[in-house]
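Student: The structure follows.
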Amino acid sequence: MIQYTFAMLAFWTERASAIQQFWFLFYIFLSGTIAPLEVFPDSVRQVVEWTPFPYMMHFPAILLMGLPVEFGKSVLIILGWAIAFLIVNRWLWRKGLKQYSGMGA
């Protein structure tokens, strides 16, 4: 959903791939790819837990390893971000069709 939403930005800019690469920078550091989130300071980790990044890699890895995790909270955060990106996606799609149709489609 996130990637699809970023693709909708291509209606207005040719730099949609640059936006995705900028997002990937945050993903690399905040998803647990570079270092496990357990090594982050508690203040940083509390903020990161409310972003979608740890639920792309860190959360599934923790589940597979069998470590304790707040499953209910995590699923609600995942659903919240999915719904948020779905709403933005649909809004961008409608606006994009108007933008594109104005160019002779």
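Computed from the coordinates by the stated procedures, all read-outs in this text should not be read as laboratory data. Only a predicted model underlies this, so the values are computations on that prediction, with no experimental measurement involved. Don't worry about glycine lacking a Cβ; one is built from the backbone with ideal geometry, like all the others, and counts go over all protein chains shown.
Student: List, in order, the whole-Hz ³J(HN,Hα) value for each residue of segment 5-12 obtained from phi through the Karplus relation with A = 6.51, B = -1.76, C = 1.60 and θ = phi - 60°; use x for Gly and Pro.
Tutor: After applying 6.51 cos²θ - 1.76 cosθ + 1.60, I find 5, 5, 5, 5, 5, 5, 5, 10 Hz.
Student: Same structure again: Can you compute the modelled spin-label distance between residue 47 and residue 26, with each label point 7 Å from Cα toward Cβ, in nm?
Tutor: The modelled label-to-label distance comes out at 1.1 nm.
Student: Mean residue ellipticity at 222 nm from the helices of the chain, using -39,500 (n - 2.57) per DSSP H segment of n ≥ 4 over the full residue count, to the nearest 500 deg cm²/dmol?
Tutor: Values: 5 runs with 68 residues, N = 105.
That comes out to -20500 deg cm²/dmol.
Student: Moving to a separate point now. Could you check the simple spin-label distance between residue 17 and residue 61, using points 7 Å along Cα→Cβ, in nm with one decimal?
Tutor: 2.8 nm
Student: How high is the FRET efficiency between residue 3 and residue 75 when r is their beta carbon distance and R₀ equals 25 Å, given to the nearest 0.05?
Tutor: 0.75
Student: Does a label point 7 Å from the Cα of residue 99, set along Cα-to-beta-carbon, have any residues of segment 9-50 with amide nitrogen under 17 Å, and which are they?
Tutor: 9-21
Student: I've got another one for you. When the Karplus curve 6.51 cos²θ - 1.76 cosθ + 1.60 is applied with θ = phi - 60°, which whole-Hz ³J(HN,Hα) does each residue of segment 58-74 get, with x for Gly and Pro?
Tutor: Couplings: 5, 4, x, 5, 5, 4, 5, 7, x, 7, x, 8, 7, 5, x, 4, 5 Hz.
Student: Strictly greater than 16 Å: what percent of every Cα pair in the chain meets that?
Tutor: Every Cα pair in the chain considered, those over 16 Å come to 65 percent.
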